[in-house]
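The structure's right below; bear with me while I get my questions together.
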Amino acid sequence: MLAVLSQTLPFFAIIALGYGAGKRGFFTPEATAYLTKFVFYFALSAMLFRFSANLAFSDIFLPGAMLAYLWATGVVYLLVTCVALIRKLNVEEAAVEAQCGTIGNVGFLGIPMLVLLLGDGAVVPVMLVLTVDLIVFGSLIVILITGSRDGRVSPAVLVTVGKGLMANPMIVSIVLGLVWSATSIPIPGPMNSFLGTLGAAATPGALFAIGASLATKSAERLQIAAWLSFSKLVLHPLAVAFAVLVLIPVEPYVAGVMIAAAALPTAGNVYILAAHYGVAPARVSATILISTALSILTVSAVIAWVGAS
């Protein structure tokens, strides 16, 4: 555990550095927004394209692993939703809380950290988790909130969801990379160097941006945020572990990476959605802050466990 903690600490140290820069005003919210945009649209996209361009579609299409992750995430999603409804929350708030309890920071934290700590083979299962989160659950929250407000799910909502998915640079990068891979044409040397250099900025840039964005978050409503953090950091990886090890067993290495990905703290894009729709942004903010702080220990523990098994 201590050996893994020493490996994960540098990643969280960069997050802490970004947090300090944001908290002291050295890195303003506007600067953080532009850094996030650079990482999201350029650095991370270059990294994902380069990874997926060296994969075959058969490599990333793992139906058993995908079904297991979808089942596990769906179970926790439903549990958090039921708890919210029991507390007399409306569908919109329940959907946001369910998102907090199941959707981790796979893009900005998971890809850089897990690939470096668990090896290049982690790319496929991490991308699988990212794809399911973005396409299935990223669409579900929009459908639930919009459907709840309109009283029905109209074709216009589905069109909006589809446009949102097609405009997401992470999904576009993965798809374009797989299309390139299907041509069996090697990436030219200069292009490969360009993608490698640009993609290398994704890890420090993403981690620093996470920290700087956390500086604007507040830790209000701690009891609910603690429950949602527990769901994300403990219940979600446990459910995924049961699914990939018992329910639908997958190859041990893939299973380990998926469990580690499920242990990641709540994703920042949940806050973006909550703020956009005006649904419990303070609650989401607190959950992101608390789950990220606690994940220094929990993620290290999960990585140590899956690394030893």
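Can you find a residue in the stretch 149-156 that is basic (Lys, Arg) and either in a helix (DSSP H, G or I) or under 20 Å from the mean Cα position of the chain (by Cα) (or both)?
Within the stretch 149-156, one or more residues are basic (Lys, Arg) and either in a helix (DSSP H, G or I) or under 20 Å from the mean Cα position of the chain (by Cα) (or both).
What is the residue count in the stretch 161-178 for residues that are β-branched (Val, Ile, Thr) and either in a loop (DSSP other than H, G, I, E, B) or surrounded by fewer than 18 Cβ atoms within 10 Å (Cβ to Cβ) (or both)?
Residues flagged as β-branched (Val, Ile, Thr) and either in a loop (DSSP other than H, G, I, E, B) or surrounded by fewer than 18 Cβ atoms within 10 Å (Cβ to Cβ) (or both) within the stretch 161-178 amount to 2.
Look through 234, 250 and report the one residue that is outside any helix (DSSP H, G or I) and β-branched (Val, Ile, Thr).
250
Quick one: residue 185 ticks every box in (1) part of a helix (DSSP H, G or I); (2) modelled with pLDDT under 90; (3) not small (Gly, Ala, Ser) except a single one, so which number is it?
Of everything listed in (1) part of a helix (DSSP H, G or I); (2) modelled with pLDDT under 90; (3) not small (Gly, Ala, Ser), residue 185 misses just condition (1).
Being farther than 16 Å from residue 291 by Cβ, more than 18 Å from the chain's Cα centre (by Cα) and assigned to a helix (DSSP H, G or I) is the filter here; which residues of the stretch 188-227 pass it?
189, 190, 191, 192, 193, 194, 195, 196, 197, 198, 200
Restricting to the stretch 251-307, give me the number of residues that are in contact with a strand residue (DSSP E or B) (Cβ under 8 Å, 6 or more places away or on another chain), of a type in the set (Val, Ile, Thr) and over 20 Å from residue 40 (Cα atoms).
Residues that pass the stated criteria total 2.
Please indicate, with yes or no, whether at least one residue in the stretch 179-189 is touching a helix residue (DSSP H, G or I) at 6+ places or on another chain (Cβ under 8 Å) and exposed (fewer than 15 other Cβ atoms within 10 Å of the Cβ).
Yes, the stretch 179-189 contains at least one residue that is touching a helix residue (DSSP H, G or I) at 6+ places or on another chain (Cβ under 8 Å) and exposed (fewer than 15 other Cβ atoms within 10 Å of the Cβ).
Oh, and also: Looking at residue 119, is it free of Cβ contacts under 8 Å to residues at least 24 places away in the same chain and either among the aromatic types (Phe, Trp, Tyr) or under 27 Å from residue 173 (Cβ atoms) (or both)?
yes
With 306, 299 as the choices, which residue is modelled with pLDDT of 85 or more, out of contact with any Phe, Trp or Tyr (no Cβ under 8 Å at 6 or more places or on another chain) and crowded, with 24+ Cβ neighbours inside 10 Å?
The conditions single out 299.
Table: residues versus (1) free of Cβ contacts under 8 Å to residues at least 40 places away in the same chain; (2) in contact with a Gly (Cβ under 6 Å, 6 or more places away or on another chain).
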{"site": "83", "(1), (2)": "no, no"}
{"site": "95", "(1), (2)": "no, no"}
{"site": "126", "(1), (2)": "no, yes"}
{"site": "137", "(1), (2)": "no, no"}
{"site": "166", "(1), (2)": "yes, no"}
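If you scan the stretch 6-63, which residues turn out to be polar (S, T, N, Q), surrounded by fewer than 21 Cβ atoms within 10 Å (Cβ to Cβ), under 14 Å from residue 195 (Cα atoms) and at pLDDT 90 or above?
none
Now for a separate question. Given the residues 130, 70, 79, which is the only one that is closer than 21 Å to residue 169 by Cβ, part of a helix (DSSP H, G or I) and at pLDDT 85 or above?
130
Provide a single number: the residues in the stretch 86-116 that are out of contact with any helix residue (DSSP H, G or I) (no Cβ under 6 Å at 6 or more places or on another chain) and modelled with pLDDT under 90.
The total comes to 2.
The values are calculated or read from the model by the stated rules, or taken from the named source; none is laboratory data. As the structure is a prediction and not an experimental result, all values here were calculated from the model. Positions of Cβ are generated from backbone atoms using ideal geometry, with glycine treated the same way; all protein chains shown enter the neighbour counts.
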